[in-house]
1. How compact is the range B:47-272 by the rule of thumb for globular proteins, expressed as Cα Rg over 2.2 N^0.38 Å?
2. Can you list residues whose amide H is under 5 Å from A:K130's amide H, if they're 5+ apart or on another chain and H is modeled 1.01 Å from N?
3. Please list, in order along the range A:82-88, the HN-Hα scalar couplings obtained from phi with the Karplus expression 6.51 cos²θ - 1.76 cosθ + 1.60 (θ = phi - 60°), rounded to whole Hz, x for Gly and Pro.
4. Taking the protein assembly as shown on its own, what percent of its Cα-Cα pair distances exceed 53 Å?
5. For the pairs A:K85/A:K200; B:K17/B:K130; A:K77/B:K336; A:K130/A:K209, flag any whose C-alpha to C-alpha distance is greater than 24 Å.
6. With no solvent and one equal point scatterer placed on each C-alpha of the range A:136-217, evaluate the Debye formula and give log10 I(q)/I(0) for q = 0.15, 0.20, 0.22 Å⁻¹, two decimals.
7. Along the range B:304-315, what does the Karplus equation 6.51 cos²θ - 1.76 cosθ + 1.60 (θ = phi - 60°) give for ³J(HN,Hα), rounded to whole Hz, x for Gly and Pro?
8. Under a 5 Å amide H to amide H cut-off, with H placed in plane at 1.01 Å, what residues pair with B:I330 once short-range neighbours are removed?
2 protein chains.
Amino acid sequence: MKFNDFLDDLVNYEAGKPIELVVREFGIDAKDVIKLASNENPFGTSKRVEEALKEVAKNAHLYPDDSYFELKEGLAKKFGVTSKKLIIGSGSDQIIEFALHAKANRQSGVLMAGVTFAMYEIYAKQTGAKIYRTKSVEHNLSEFLEIYNAHKDEISVIFLCLPNNPLGECIDADEVYKFIKNIDENTLVVLDCAYNEFAKFKDSKKEIKPSEVVKFKNAIYLGTFSKAYALGGMRVGYGVANEEIIGALSKLRAPFNITTPSLRAAIVALGDDEFVQKTMQNNFEQMKRYEDFAEQNGIEFIPSYTNFITFKFNEPKSSQICEKMLKKGIILRDLKSYALNAVRITIGQAWQNDRVFEELEQILK
Amino acid sequence: MKFNDFLDDLVNYEAGKPIELVVREFGIDAKDVIKLASNENPFGTSKRVEEALKEVAKNAHLYPDDSYFELKEGLAKKFGVTSKKLIIGSGSDQIIEFALHAKANRQSGVLMAGVTFAMYEIYAKQTGAKIYRTKSVEHNLSEFLEIYNAHKDEISVIFLCLPNNPLGECIDADEVYKFIKNIDENTLVVLDCAYNEFAKFKDSKKEIKPSEVVKFKNAIYLGTFSKAYALGGMRVGYGVANEEIIGALSKLRAPFNITTPSLRAAIVALGDDEFVQKTMQNNFEQMKRYEDFAEQNGIEFIPSYTNFITFKFNEPKSSQICEKMLKKGIILRDLKSYALNAVRITIGQAWQNDRVFEELEQILK
């Protein structure tokens with residue numbers, strides 16, 4: 001059977017390995033597995049969310065209120081924007097998909113950093129668009145501008161990942177706003193702020209404000225409940241932009257794109273400031289330990305504004321490191337598929353990080 | 001901002017009204033609202049699923065095992081096919097989306113019944129494809145063939161809804177298999193079997209067997225956990241086809257397209273035969289009461305192979321009926337958006353149906 005030819009060029013996203021796989025393949029007990037591969041919240045599900053999920057368990061048969069009224073009201077209040085400037089997605093991934101399907105096509109180009117979140121390229125290729133990347137692996141806005149100016153008529157979407165997954169660096173908000181002003185109003189600038197809560201906790205200059213983003217004619221803010229709010233398994237994200245952009249993207253949103261429990265979990269998580277605060281404090285206290293470990297062991301790393309840290313290696317190969325750690329029951333993220341000899345490690349709780357340091361030291365000896 | 005021009009032609013799916021809306025707009029207590037608008041299971045969530053969901057509530061932070069290993073194994077065993085012939089979707093809706101994005105484009109056409117599930121057209125238009133519909137509102141395979149033969153080079157996807165939502169009729173499986181043999185191997189025939197469990201309970205001749213469908217080079221079976229398995233709010237569906245088709249569609253599947261609780265719920269629901277059996281028995285016992293009610297009140301109806309029945313009216317207008325019922329706290333589905341003066345009613349439990357008959361009789365007086 002013949003399929004649309006853009007499919008020939010598509011490869012699937014390589015997801016972090018699940019605990020179940022380690023159990024299946026290495027016979028390690030699930031409770032002994034430490035998963036620091038997918039930037040999930042190391043504190044697990046917050047108690048308030050867990051209770052809320054138990055309460056709505058009986059409603060699995062009911063489609064959610066597709067207006068997402070209460071969740072949108074909560075987000076609108078938090079960000080100081082109106083509900084009409086919001087769209088809810090099955091993870092912020094889905095808003096990336098909507099943005100690309102609304103703007104990109106076979107005649108257009110999509111611009112992104114040298115190494116950045118893999119789904120930008122995957123979704124872009126589904127539209128047949130051409131991919132442009134900066135030579136720098138990390139975000140370099142002058143390179144972005146250079147490429148943009150050379151292909152102005154072609155580039156329809158630009159992705160900035162703030163902070164950048166899987167590397168961890170983050171551009172200042174002021175620089176981002178200045179950058180958008182240099183971009184034609186007909187090119188959509190997507191500000192992927194999946195980890196921005198972490199960045200702004202470390203340095204307020206990194207905070208991208210949805211209330212600022214909606215003032216632009218051509219920018220959208222993407223947020224997620226997967227990281228700071230610990231709802232990775234629930235798939236809830238959102239976009240904030242002016243009503244014209246939200247209106248267009250909403251046409252691509254199928255009904256019931258998040259589940260009934262996900263909707264409840266997101267509403268409850270949004271009010272759980274204490275949990276988010278605890279997450280942030282642990283994250284950067286423990287991040288310091290990773291930086292110290294790297295320095296002590298001569299490992300190069302990228303200063304991170306996220307809930308992970310990326311270690312770069314010369315020798316040995318990152319795949320060998322990850323494979324050896326996996327056999328010890330510790331799942332890390334090999335960045336080989338990003339063409340890097342690097343390992344991305346989610347910042348865990350102290351006891352998890354202790355195990356990582358212990359085993360990694362052994363392996364690198 | 002300029003968007004891809006196919007967006008101009010898109011309208012959103014009009015979802016059934018949620019209970020929350022009736023509470024908000026009419027001030028009716030949630031527990032007094034009867035929702036028979038979205039073909040949800042009237043028995044609610046099965047006890048086994050509810051317990052399983054409570055157990056996994058603590059795992060909301062964890063992404064699911066993206067291989068969906070256990071769920072696929074369960075489905076493979078049930079249907080007598082291999083796991084490689086399966087793809088999991090966020091509802092069967094998402095498999096409809098994958099099928100269309102893989103096959104349809106601006107140069108192609110998509111063929112469907114005169115009145116059928118609205119998402120076929122919505123997703124098809126996202127690819128820029130042209131929509132062909134039979135003149136008959138219900139499925140008429142000779143009309144399908146006629147249109148197909150007249151536009152053979154153009155039509156890339158054909159949808160058969162078995163049984164048909166929102167009308168309820170169902171073609172025999174033998175007729176369907178014969179039909180596929182008349183279709184070129186390069187045109188994908190999508191057999192949407194979201195309600196097929198109901199059809200085959202009523203009449204075994206309606207059973208579409210995934211193990212038969214995989215033998216075709218150009219057909220895919222779509223199933224869902226939303227109806228018979230009572231997981232509407234969890235968004236889990238699946239496709240079964242030969243490995244070539246599944247391979248192509250899998251390229252469009254983003255990671256973690258169902259939630260962690262959804263995965264667990266589907267695995268548990270799949271083993272809950274007793275619950276499905278109870279659902280089926282109630283459905284057709286109560287369906288008989290709707291048929292009797294219709295005959296007693298001179299209402300025309302379509303004999304239904306689903307968990308709903310569609311009443312056709314001359315006078316009054318279906319919108320007026322639905323609006324009046326809504327004010328009584330009973331949510332039904334107006335089919336005005338399908339250009340029909342008809343109301344689709346989900347078959348409820350006896351006490352819910354009692355209320356419907358009582359109020360509807362009043363309104364139609």
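Nothing in this text is a laboratory measurement; each read-out follows from the coordinates by a stated rule. Computed from a prediction, not measured in an experiment: that's the story for all the values here. Neighbour counts run over all protein chains shown; Cβ positions are idealised from the backbone, glycine included.
1. For the range B:47-272, the normalised Cα radius of gyration comes out at 0.99.
2. The list, which skips near neighbours in sequence, is A:S108, A:G109, A:V110.
3. So the J values, rounded to whole Hz, are 8, 4, 5, 9, 10, 9, 9.
4. Percentage above 53 Å: 10.
5. Listed pairs above 24 Å: B:K17/B:K130; A:K77/B:K336; A:K130/A:K209.
6. Taking Cα atoms of the range A:136-217 as identical point scatterers yields -0.52, -0.91, -1.09.
7. Couplings: 10, 10, 10, 9, 9, 9, 10, 9, 9, 10, 9, 10 Hz.
8. B:I34
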